[in-house]
Amino acid sequence: MHYTIDGLKLNCETLGPERGEPILLIHGFPLSGAMWRPLGELLRDECRLIIPDLRGFGASEASDDASMARYADDCAALLDAVGERRPVAVAGMSMGGYIAFEFFRRARKRVVSLVLVDTRPGADGEEARRGRFATAEKVLAQGSAVVADAMAEKLFAPGAPADLKKHWRDEMAGANPRGVAAALKAMAHRADSTPDLKRIDVPALIIVGEHDAITPPAESEAMHRAIRGSTLETIPDAGHMAPVEQPRIVADALRRFLPSR
Ligand code: MLT
C-alpha cells in the first residue's frame, strides 16, 4: 500500500494481526521489502510485520537526496501511517541496520528492541567512500546491473542454490538507478555508530550468517561485546542474506528473543 511521505509515494506492506507484536523490518541495499517475504510468511500469524520499501527501492518513489536520517524518518512516518503507535522491534539488514542505528538515535522512544542482521556499526573509510561515489555515477550512466553483478556472488553462502542467486541478482539489477545511486551516497555519508553501541539500552539481537562475506561474523561478535546484554545468533549455512537463505532458523532466533513472547 502506498502512503505519501515527505512528498513521495512510499510503499509499505503490513502482515499479521494488528495486535501482534510489532516489528519494523528494514531491508538492505540494493534490495526491497521483498527480501523479508520468506521470514514474513513464517511470522505473520504471530507478529505484526511492517515492511517498507525505502525511498528509491521496490515500489517506492526515489529522491536524489537520501540519507540515513531521511530513511529513518520515512520509517517513523510509515509507522504513523499504518497506525502503529506502540514502540516496535526495529530490525535492519545491512544498510537497514545502518538505518536502525539512526532510527534509535532519532526516535529512541519508539524502539522496544533492536535486531541487527548482517550489519556493522562503522562508517566507510575514505577509499570505500570514493568507491561508492564512483559506483553511483556508473549506476546512473549504465543501470543497476553494475551493482547487481558486483554483489550477487558475495551475498550468499558457498553452495547456495543457483536459482536463488539468479533470482536476487535479477531483483537487484531491476532496482531504480536513482534510488541505488542515492543510497550509495547516503551510505558514504553515514555516521559512525560505534560510539553509540554502549548507549543501547534496549534488548538487542545480533544475527549473522556464518559465511557473511560483506559484514563478516567478526564484526557482529565485536558488536555483541559492545552492546550490553545483547544476544548473538550465528546462522549456519548462510551468508549476507541470512533471512533469505535460512528463514526458519532466523524466525526461531526472533521467537526466542522477542521480549513479550
Ligand atoms: C547491504 O547489504 O545493505 C550493503 O551491502 C551494505 C553496504 O554496502 O555497506
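The values are calculated or read from the model by the stated rules, or taken from the named source; none is laboratory data. Predicted model, so just to flag it, every value in this text is computed and none were measured. Heads up, the Cβs are rebuilt from the backbone with ideal geometry, glycines too, and the neighbour counts pull from every protein chain shown. To get the accessible areas, we keep the full protein, side chains included, count just its heavy atoms, and leave off ligands, DNA and RNA. Shrake-Rupley method; radii C 1.70, N 1.55, O 1.52, S 1.80 Å.
Does region 10-105 come out rounded, prolate or oblate, given a ≥ b ≥ c as the square roots of the eigenvalues of its C-alpha gyration tensor, rounded meaning a/c under 1.5 and, failing that, prolate meaning a/b above b/c? Note, shape of region 10-105 comes out prolate.
Close amide H partners of V112, meaning residues 5 or more places away or on another chain with modelled amide H under 5 Å apart, are V88, A89, V90.
Estimated translational diffusion coefficient (Stokes-Einstein, Kirkwood radius over Cα pairs, 25 °C, 0.890 mPa s) of the chain: 136 µm² per second.
The portion of the accessible surface of region 76-125 made up by carbon and sulfur, rounded to a whole percent, is 52 (1.4 Å probe; DNA, RNA and ligands excluded). The alpha-carbon atoms of region 53-172, seen along their principal axes, cover 40, 33, 30 angstrom, with the largest extent given first.
In this structure, the amide hydrogen of L232, modeled 1.01 Å from its nitrogen in the peptide plane, lies closer than 5 angstrom to those of I206, counting only residues at least 5 positions away or on a different chain.
Rounded to the nearest 20, the size of the Cβ-charge dipole of the chain about its Cα centre is 660 debye, with Lys and Arg at +1 and Asp and Glu at -1. Pairs with C-alpha atoms separated by more than 26 Å, drawn from the list K9/K185; K138/K165; K154/K198; K165/K198; K9/K165, are K154/K198; K165/K198; K9/K165. In this structure the chain gives 42 Å² per residue of accessible area when probed at 1.4 Å with all protein chains present. Here the peptides 164-173, 111-120 are ranked by packing, the mean other Cβ count within 10 Å, and the order with the highest first is 111-120, 164-173. For F29, the residues whose amide H sits under 5 Å from its own are M95, G96, ignoring neighbours fewer than 5 places away on the same chain, with H placed 1.01 Å from N. Here the contact order of the chain, divided by its residue count and restricted to Cα pairs under 8 Å and six or more residues apart, works out to 20 percent.
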